[in-house]
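Report on the following structure.
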Amino acid sequence: MSGPQPFVFQAGADVKRHAPATERNRDVIAKTLARLLPAEGLVLEVASGTGEHVVHFAKMFPALTWQPSDTDPIALASINAWRAESDVPNVRPAMLLDASADWPISQADAVICINMTHISPWAATVGLLHKAARLLPPSAVLFIYGPFNQRGVPLADSNAAFDVSLRQQNAEWGLRYVEDIVEKADDVGLRLNRVIAMPANNLSLIFRA
């Protein structure tokens, strides 16, 4: 299939993994985050994947402390390998965190989540919203990035094919509707601040506590 592909960890000899999409989207995401993140404090990244994003962001925002996390042991090893190689002092060791379960962290000044919602069960997105609402201070940001569906908005052909492919791989995967996420966010006291169109038919969803 041409177009977007989900990054899924496979067993292999190399500890440090690489997601091709990271180099394509990290700078435009960072530019968006620059308008949203606090000047200082702790940023929790949920589902950090390879660890490439968090290392890049830590270099661009050195006044912030970054806490990467993931539920996959292969991802945790990759995150820590990127962290060690880059030698960035403001990235903490990777934390084992399942978005749909209890979180081993009680406070953060911002939460970001990149390319998780479509390659995880819906319970992970619901958990992300619930837990972020509990640990974020008033007006703090929850930033969610990825491909999404929107009711009444035609889906790009590449995203439509991507959605079909995802659901064929795992019945619990697939592009989520923005409206469904907003509804769940409302239930826990998070308000949608902005929806930002991003390159390659992606969106950034900005919520505030």
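Values in this text are rule-based calculations from the coordinates and carry no lab data. Here the structure is a predicted model, which is why all the values come from computation and not from measurement. In this analysis, Cβ positions are derived from the backbone assuming ideal geometry, glycine residues included, and neighbour counts consider all displayed protein chains.
Toward the positive end of the charge dipole of the chain, about the Cα centre and with charges on Cβ (Lys, Arg +1; Asp, Glu -1), which of MET60, ILE79, ASN201 goes farthest? Highest projection toward the positive end goes to MET60. Percent relative contact order of the chain, based on C-alpha pairs within less than 8 angstrom and at least six residues apart? About 19 percent, as a whole number.
What residue among ASP102, ASP70, ASP186 shows peak mean-square fluctuation when the chain is described by a Gaussian network model with Cα springs under 10 Å? Residue with maximal mean-square fluctuation among ASP102, ASP70, ASP186: ASP102.
Listed by chain and number, the lysines placed with their C-alpha closer than 18 angstrom to that of LYS131 are LYS184; residues fewer than eight positions away on the same chain are left out. For the stretch 119-190, GluC sites (Glu not before Pro) are listed when DSSP marks them as loop and at most 13 other Cβ atoms sit within 10 Å of their Cβ; the list is GLU172.
Highest mobility in the GNM of the chain, judged by mean-square fluctuation with C-alpha springs under 10 Å and restricted to ALA160, ALA108, ALA185, is found for ALA160. Backbone amide hydrogens, once placed in the peptide plane, bring ASN149 within less than 5 Å of ARG176, TYR177, VAL178, excluding anything fewer than 5 places away on its chain.
Amide H to amide H, with H built 1.01 Å from N, MET198 comes under 5 Å of LEU203, SER204, counting only residues 5 or more places away or on other chains.
Distance between the C-alpha centres of the stretch 99-132 and the stretch 32-95: 15 Å, rounded to the whole angstrom.
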